[in-house]
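Participant: What follows is a single structure, and I will ask about it in a moment.
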């Protein structure tokens, strides 16, 4: 970044301390022994130059000044306030003995919800705008100071988002031509003041982005390698580069003021709805939420993408060598990785909290929340409350932004490419909703019965984003079902298949988890299986794992064979869940259940055996072995265990299983559980993997070396329940008491 200072930063929770060093100073320091020996750690609490009062003494922060305590003058938060857990109340008033009228205020607590305590501070203080000598046309410079005022009047933005046919305004909306509705009234009131705590928290987030100069390159590099991408790579590149350009002309002397200015500007942008126009180009669309129009959901999206990238990269990744340039070289890469992930996760959460208090919901916010859900499942565990709570936010955004209704009011002024992007966002949200709901055995939050289940077209991104009458051109390149005629794997191909399978999964969850849906289960199950099979047959042959040979999978055309296997496992998993529901409620259909379980387990083992060396897939593997592998492994293990303890004549309807094959696969699966949990106890699914590893290993011991038989009725298999203790929670649809507190704000993983 040309002409920009090189900063050193720290984030601990919501607190960040900054020290900015110009590049010239850094070059000079590199030749200085004293500078070398005086390097700070990557995340130290660094004091800035204290501002002197008129009497020549350093200025104290307001809490220390009012309490008559000695302040150490560290900025932006002093050490004494940090030690007293008062970091959120620590600030430096430029003129502590003067007051401003309340009418001059720039910032109030209007953006903070009535029950929000995330950024609590003294409500008598607001942030004011000052004209800075460093102002320029491209980025007006403002300094930020806090001054006591009267209690603010709460101003709430009133835009309700998508409103359906039963809403209070539905009749007026249907007769809008006869009785025009004031568009300004629909937008709502934009607060003319921003909560000072939120402004300060926004400053810290922007300072983090400013410090991590490599982040935009890291985001693009990792996004290109993803096999499941919602937005085209070119749009993510535009977003990342436009965000970095904001900092290009920052000078060290004005960095704090410019970051404070930018924080307030982003708050104001976030309260405005994103403009729409049918003839807008892709660049014009990106400009509505980047550059001078940057919004908090834009920043949240970049941070969440970066967090997922950190989770999937190995500790030997070159990014940590660059990150080490900010430190004293003492920290191990594993520690740097954990710290960077913690900072990115906290910063993304902060941005999404800001979005909770703004008026607008849109596809950018939905994509940011989706990406954050994925990050939290890996960071805290797939069954963590943090991930489930964020999933609730995502479902609310889907409905409020109208993503669930194709060609509804929210799509009226959207160009073709934006309609397709919105469909992709909805498809991704719909898929992750069904995946998490299945994993924890809870009802999905996005119900298919209230949604338009329209698939995005299977298009090349260049064609989708091309100017002109794209829709007419697109129809020439897709078949009647919307698939690409050339049979090439596209970004949207994966999105479409996952969406199709998720629709069937929603129906399965309705039967398995719903109350009163169990009547005539065999007939319902048969109908769902037929629809699932039809959806799978619609998929292009080059994306069907069961249709491809090993030679074809190894072909360079398939750059992401693991993605194709995951699609197939989704398909098998739906069959498994449905067969198990039938067995549970009818005690019939064991053979298709065991056959599907064997196929699913063997496919999981193939993924585990093909561990990539270029990226850290351990957290993704833990999800695969728990989500797909564990239920199928448990079903087979319990059946083999039952047959082991009852070796007598079999009932005619009993299914004969290949004992040696299953025992061999179960043994390999137990080792996969051990490997998936191996990185560290901080691994999101570490506790679950370790627990089920011990349980399954114990069951295998009982199968291979059974205890001496005791006389007991042949029908008494209560011992299976003892061995299954702790595992049935993962198999029983209605069993939520599995030893984990889903209501805990800090989940035990």
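Participant: For the range 229-322, what class follows from the C-alpha gyration tensor (a ≥ b ≥ c being the square roots of its eigenvalues): rounded when a/c is under 1.5, otherwise prolate if a/b is larger than b/c, else oblate?
Facilitator: oblate
Participant: Which order do peptides 656-669, 489-502 fall in by mean Cβ count within 10 Å, highest first?
Facilitator: Answer by packing, highest mean first, reads 489-502, 656-669.
Participant: By count of other Cβ within 10 Å, fewest leading, how are 569, 274 ordered?
Facilitator: Starting with the residue having the fewest Cβ neighbours, the order is 274, 569.
Participant: Any chance you could run the full-extension gain for residue 447 through residue 480? It's 0.36 nm times the residue separation minus the Cα-Cα distance, nm to one decimal.
Facilitator: Extra length from residue 447 to residue 480 when fully extended: 9.2 nm.
Participant: If you don't mind, there's one more thing I want to ask. With labels modelled as points extended 7 Å from the Cα through the Cβ direction, what inter-label distance (nm, one decimal) is found for residue 551 paired with residue 253?
Facilitator: Placing both labels 7 Å along Cα→Cβ, they lie 7.1 nm apart.
Participant: Another one. Ordered by packing density, taken as the mean number of other Cβ atoms within 10 Å over each peptide's residues, highest first, how do 692-705, 393-406 rank?
Facilitator: Answer by packing, highest mean first, reads 393-406, 692-705.
Participant: On full extension of the chain, what length is gained from residue 473 through residue 334, given 0.36 nm per residue of separation minus the C-alpha to C-alpha distance?
Facilitator: Difference between extended and current length: 45.1 nm.
Participant: To continue, here is another question. Rounded, prolate or oblate: pick one for the range 196-360, where a ≥ b ≥ c are the square roots of the eigenvalues of its C-alpha gyration tensor, a/c under 1.5 means rounded, and failing that, prolate if a/b is larger than b/c, else oblate.
Facilitator: Oblate shape, in that a/c is at least 1.5 and b/c is the bigger or equal ratio.
Participant: Between residue 698 and residue 321, take the C-beta separation as r, use R0 = 60 Å, and let me know the FRET efficiency to the nearest 0.05.
Facilitator: 0.85
Participant: What nm distance separates the two modelled labels at residue 314 and residue 606, each placed 7 Å from Cα along Cα→Cβ?
Facilitator: 2.4
Participant: Between residue 667 and residue 644, what FRET efficiency comes out of the Förster formula 1/(1 + (r/R0)^6) with R0 = 22 Å and r the beta carbon distance, rounded to 0.05?
Facilitator: Efficiency for this residue pair is about 0.90.
Participant: Moving to a separate point now. Would you mind ranking 586, 255 by Cβ crowding within 10 Å, fewest neighbours first?
Facilitator: 586, 255
Participant: Roughly how many whole Å is it from the C-alpha centroid of the range 482-549 to that of the range 384-433?
Facilitator: Their Cα centres are 20 Å away from one another.
Participant: Let me ask you something else. Report, largest value first, the span of the C-alpha coordinates of the range 490-587 along each principal axis, in whole Å.
Facilitator: Cα extents, longest axis first: 49, 25, 18 Å.
Participant: Follow-up. May I ask you to compute the full-extension gain from residue 520 to residue 466, defined as 0.36 nm times their residue separation minus their alpha-carbon distance, rounded to one decimal in nm?
Facilitator: 14.4 nm
Participant: Sticking with the crude label model, points 7 Å out along Cα→Cβ, report the distance from residue 674 to residue 527 in nm, one decimal please.
Facilitator: About 4.8 nm, to one decimal.
Participant: Shifting gears a bit: If each residue's Cβ is checked for other Cβ atoms within 10 Å, how do 536, 296 rank with the fewest at the top?
Facilitator: Fewest to most other Cβ atoms nearby, the residues stand as 536, 296.
Every number in this text was worked out from the coordinates using simple rules, so none of it is lab data. What you are looking at is a predicted structure, and each value in this text was computed from that prediction instead of being measured. FYI the Cβ positions are ideal-geometry reconstructions off the backbone, even for glycines, and counts take in every protein chain you see.
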